[in-house]
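> Here you go, one structure.
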Amino acid sequence: MRSVHIRFPLSLHSRHLGYQTLRRSVAAGWNELNARQLADVAEALFTISDPYARNLQLIRILLRLPWYRLLALSGEYMLDLEQLITFLLEENTLTRNLFPVLRFRSPVSLLRSPLYGPADGFSNIRFNEFVYAESWFMSYQETGETADLDRLIAVLYRPKDKKCDPASPTFGGDVREPFNDTLIEKRARWVSRLPRKVKLAILLWYTGCRMDLVESYENVFSGDKENAKAKQPWLTMIRHVPSEKFGLISQIEAERVHTVLYHLDEMMAESEEQRREMEAQRVNNR
């Protein structure tokens, strides 16, 4: 967080009476936003096309100021304040799940249990649910259909597992019921009731965690052209996972996505090193 002091001009009947200083503690990065701010930021980034209006709204969100306060500032002052939102316009580094639980407010859903989301940074996501999440994420990027976004969220958010006991020594770190792809459509109907800006906030979180995977396992995401052309690249990728480490495809799907990608990344790094050694040896033998 960063501390910001804002000086507002005070006037009465056109007479300048000095300045009032307002102090704010402002987020300096994606993971320092709160849930309400993230939802408002998502709404601004996805729905406001005019850059000036968008930036003005983002500044207002971070500073938690009413419009009359913000518009009282000079244009020069506003240029200085634009530095506060730079991180929102650059790479998305959001990995904190600011919406860990989704609750539904309607008479019909009062008897429904809330839906619980994954842990920060995809730390408890299994490979099979990641495959389905990626499918709907890619579909939403292509179509922009809200129903695809609802399905993405329905993959990630699930009711609490009734057998789960976080206090148990065998607790695996995930309170959600096991992933079942046949229940996606049912949960998507629940998710459709959520405010759009909450859905967009979850989309921003998913995108940030996805970028974190790309940067953490750069060998896996280095641009395999053959894999990129596949209709379901993640299912194609499973074929390259060493069976001696995980066993059958069903066992691979049940592993955490970080575990699978880590071993894939190591395997691909070793393969690339062997290729370089063979190439160097071939050149030396000429």
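> Given the conditions (1) open to solvent by 30 Å² or more (accessible area, probe 1.4 Å); (2) over 30 Å from residue 258 (Cα atoms), and given that residue 85 satisfies all but one, which numbered condition is not satisfied?
For residue 85, the failing item is (1).
> Moving to a separate point now. Exactly one of these conditions fails for residue 78: (1) under 30 Å from residue 152 (Cβ atoms); (2) surrounded by 13 or more Cβ atoms within 10 Å (Cβ to Cβ). Give me its number.
Of everything listed in (1) under 30 Å from residue 152 (Cβ atoms); (2) surrounded by 13 or more Cβ atoms within 10 Å (Cβ to Cβ), residue 78 misses just condition (1).
> Tell me, please, whether a residue that is part of a helix (DSSP H, G or I), at pLDDT below 95, open to solvent by 20 Å² or more (accessible area, probe 1.4 Å) and out of contact with any strand residue (DSSP E or B) (no Cβ under 9 Å at 6 or more places or on another chain) can be found in segment 113-127.
no
> Looking at this structure, is residue 189 open to solvent by 30 Å² or more (accessible area, probe 1.4 Å), among the basic types (Lys, Arg) and within 17 Å of the chain's Cα centre (by Cα)?
On the way: open to solvent by 30 Å² or more (accessible area, probe 1.4 Å): yes; among the basic types (Lys, Arg): yes; within 17 Å of the chain's Cα centre (by Cα): no.
Against the criterion (open to solvent by 30 Å² or more (accessible area, probe 1.4 Å), among the basic types (Lys, Arg) and within 17 Å of the chain's Cα centre (by Cα)), residue 189 does not qualify.
> What single numbered condition from (1) in contact with a strand residue (DSSP E or B) (Cβ under 8 Å, 6 or more places away or on another chain); (2) open to solvent by less than 50 Å² (accessible area, probe 1.4 Å) fails to hold for residue 156?
(1)
> Restricting to segment 17-56, name every residue that is farther than 26 Å from residue 100 by Cβ and crowded, with 17+ Cβ neighbours inside 10 Å.
54, 55, 56
> If you don't mind, another one. When both residues are 6+ apart or on different chains and their Cβ atoms are under 6 Å apart, which pairs have a first residue that lies in segment 160-179 and is within 17 Å of residue 254 (Cα to Cα), and a second that is at pLDDT 85 or above and open to solvent by 70 Å² or more (accessible area, probe 1.4 Å)?
Final answer for the pair search is 175/160.
> Could you say which residue among 113, 49, 74 is more than 21 Å from the chain's Cα centre (by Cα) and under 24 Å from residue 181 (Cβ atoms)?
Matching residue, one of 113, 49, 74: 113.
> Just one of the numbered conditions (1) in contact with a Phe, Trp or Tyr (Cβ under 7 Å, 6 or more places away or on another chain); (2) within 30 Å of residue 269 (Cα to Cα); (3) at pLDDT 95 or above is not true of residue 205; which one?
Here residue 205 meets the rest and fails (1).
> Does residue 226 qualify as being outside any loop (DSSP other than H, G, I, E, B), more than 19 Å from the chain's Cα centre (by Cα) and modelled with pLDDT of 95 or more?
For residue 226, the condition - outside any loop (DSSP other than H, G, I, E, B), more than 19 Å from the chain's Cα centre (by Cα) and modelled with pLDDT of 95 or more - is not met.
> Going by the conditions given, is residue 98 within 23 Å of residue 32 (Cβ to Cβ), under 18 Å from the mean Cα position of the chain (by Cα), surrounded by 18 or more Cβ atoms within 10 Å (Cβ to Cβ) and among the hydrophobic types (A, V, I, L, M, F, W, C)?
Spelling it out, residue 98 is indeed within 23 Å of residue 32 (Cβ to Cβ), under 18 Å from the mean Cα position of the chain (by Cα), surrounded by 18 or more Cβ atoms within 10 Å (Cβ to Cβ) and among the hydrophobic types (A, V, I, L, M, F, W, C).
> Please verify whether residue 161 is surrounded by fewer than 18 Cβ atoms within 10 Å (Cβ to Cβ) and touching a strand residue (DSSP E or B) at 6+ places or on another chain (Cβ under 8 Å), treating the condition exactly as stated.
On the way: surrounded by fewer than 18 Cβ atoms within 10 Å (Cβ to Cβ): yes; touching a strand residue (DSSP E or B) at 6+ places or on another chain (Cβ under 8 Å): yes.
Yes, satisfied.
> Let me ask something else about it. Only one residue in 94, 70 is at pLDDT below 95 and in contact with a helix residue (DSSP H, G or I) (Cβ under 7 Å, 6 or more places away or on another chain), so which one is that?
Residue meeting the stated conditions: 70.
The values are calculated or read from the model by the stated rules, or taken from the named source; none is laboratory data. All values reported here derive from a predicted model rather than from experimental measurement. Note that we place each Cβ from the backbone using ideal geometry, even for glycine, and neighbour counts take in every protein chain shown. Side chains are part of the model used for accessible areas, which takes the heavy atoms of the whole protein and leaves out ligands, DNA and RNA. Shrake-Rupley method; radii C 1.70, N 1.55, O 1.52, S 1.80 Å.
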